[in-house]
Amino acid sequence: MAAPLEIDVFWSFRSPWSYLATPRLRDWQARYALTVNFRPVYPLAIRTPEFFHNQHPQWLGYFLTDLMRCAEYLDLPISWPEPDPVNQYVDDDGVRQTGEEQPYIHRLTRLGALAAEQGDGIAFADEIARVIWGGTKNWHEGDHLAGAAARAGFDLAALDRQVEAEADRLEAVIEENQTAHEAAGHWGVPTCAFRGEPFFGQDRLDLLLWRLRQAGLSER
């Protein structure tokens with residue numbers, strides 16, 4: 001039997017498009033002889049916050065319209081997270097800025113990198129993203145994240161302890177993911193990479209599946 005095909009998935013916990021893509025990627029790994037290498041990266045708001053400073057005035061309105069209809073089409077609940085995984089504020093000039101203190105996105109991304117090392121990163125991402133983006137207010141409190149992690153087969157408390165002990169090492173892993181992301185040929189998330197070819201966006205997954213089938217993708 002041929003070895004499973006492999007794809008790299010560059011993904012952000014702050015990206016609603018990553019959230020919308022993840023159930024299909026998780027299903028592919030279960031259904032096909034396919035290894036999904038989950039490679040979390042920091043969102044653009046952390047990596048290059050100035051990216052959002054010069055967008056067209058219509059950008060945000062279209063973004064939200066497209067996001068809501070895509071979620072409806074995919075039959076996935078969606079609501080902007082409360083709190084936002086990235087701490088931002090509006091400055092005196094009315095420009096949204098990224099805050100220096102980031103209590104959520106660093107933890108989430110390090111947890112994702114660790115989950116990828118310990119087993120099924122895409123399952124962890126799917127369950128956590130469903131809580132963050134699916135309408136759970138104060139998703140960071142109580143047992144919301146612990147329950148999501150458990151559904152993916154992880155002990156959140158144990159992961160958190162290891163994240164705290166290995167923060168510098170996990171930051172190096174995330175940095176390596178970001179370097180590989182750029183080398184793959186795109187800067188946005190989600191980006192899937194297969195044999196040197198990037199597929200950016202949840203709306204390119206059908207095209208990626210077509211390419212994988214060309215390469216001999218088979219069901220398990």
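Within the option set H181, H186, being open to solvent by less than 10 Å² (accessible area, probe 1.4 Å) and either closer than 23 Å to P16 by Cα or touching a helix residue (DSSP H, G or I) at 6+ places or on another chain (Cβ under 6 Å) (or both) holds for one residue only, H181.
Pick from I122, I128: which is in contact with a strand residue (DSSP E or B) (Cβ under 6 Å, 6 or more places away or on another chain) and under 16 Å from F38 (Cβ atoms)?
Result of the check over I122, I128: I122.
I need the full set of residues from the stretch 26-51 which are in a helix (DSSP H, G or I), open to solvent by less than 50 Å² (accessible area, probe 1.4 Å) and farther than 30 Å from V90 by Cβ, in order please.
Quick first cut of the stretch 26-51, residues in a helix (DSSP H, G or I) only: 26-31, 44-47, 49-51.
The next check asks that each one be open to solvent by less than 50 Å² (accessible area, probe 1.4 Å); those that pass are 28-29, 44-46, 49.
If the condition is that a residue be in a helix (DSSP H, G or I), open to solvent by less than 50 Å² (accessible area, probe 1.4 Å) and farther than 30 Å from V90 by Cβ, then W28, Q29 are the ones that fit.
Residue-level check: of (1) over 28 Å from N138 (Cβ atoms); (2) among the hydroxyl-bearing types (S, T, Y); (3) crowded, with 19+ Cβ neighbours inside 10 Å, Y19 misses just (1). No other residue among A115, A71 is in contact with a helix residue (DSSP H, G or I) (Cβ under 7 Å, 6 or more places away or on another chain) and within 29 Å of G216 (Cα to Cα) apart from A115.
Selection over the stretch 86-103 of residues that are in a loop (DSSP other than H, G, I, E, B), closer than 21 Å to P16 by Cβ and open to solvent by 60 Å² or more (accessible area, probe 1.4 Å) gives a count of 2.
Sort out which residues of the stretch 163-178 are open to solvent by 20 Å² or more (accessible area, probe 1.4 Å) and out of contact with any Leu (no Cβ under 9 Å at 6 or more places or on another chain), and write them in order of number. The answer is E164, A165, A167, D168, R169, E171, A172, E175, E176, Q178.
Is there a residue being touching a His at 6+ places or on another chain (Cβ under 7 Å) and in a loop (DSSP other than H, G, I, E, B) anywhere in the stretch 135-142? Quick ask: steps written out before the conclusion?
Applying the first criterion (touching a His at 6+ places or on another chain (Cβ under 7 Å)) to the stretch 135-142 yields 136.
With in a loop (DSSP other than H, G, I, E, B) added as a condition, the list becomes 136.
Yes.
If you go through the stretch 170-220 and keep only what is under 13 Å from V41 (Cα atoms) and not in a helix (DSSP H, G or I), you end up with H186, W187, G188, V189, P190, T191, C192.
Being of a type outside the set (D, E) and farther than 25 Å from L67 by Cβ holds for only one residue in L205, L159, and it is L159. Condition test on E127, is it free of Cβ contacts under 8 Å to residues at least 60 places away in the same chain, part of a helix (DSSP H, G or I), surrounded by fewer than 19 Cβ atoms within 10 Å (Cβ to Cβ) and not small (G, A, S)? Considered against the rule, which asks whether it is free of Cβ contacts under 8 Å to residues at least 60 places away in the same chain, part of a helix (DSSP H, G or I), surrounded by fewer than 19 Cβ atoms within 10 Å (Cβ to Cβ) and not small (G, A, S), E127 comes out as no.
Here are R161, R110: which of them is touching a residue at least 60 places away in the same chain (Cβ under 8 Å) and either within 17 Å of P23 (Cα to Cα) or not in a loop (DSSP other than H, G, I, E, B) (or both)? Talk me through it step by step, then tell me what you get.
Details: R161 fails: touching a residue at least 60 places away in the same chain (Cβ under 8 Å).
After ruling out the rest, the residue left standing is R110.
The values are calculated or read from the model by the stated rules, or taken from the named source; none is laboratory data. In this text the structure is predicted, and so the values were computed from the model without any measurement. When we count neighbours, we look across all protein chains shown, and the Cβ atoms used for this are built from the backbone with ideal geometry, even at glycine. All accessible areas refer to the heavy atoms of the entire protein, side chains included, with ligands and DNA or RNA removed. Shrake-Rupley method; radii C 1.70, N 1.55, O 1.52, S 1.80 Å.
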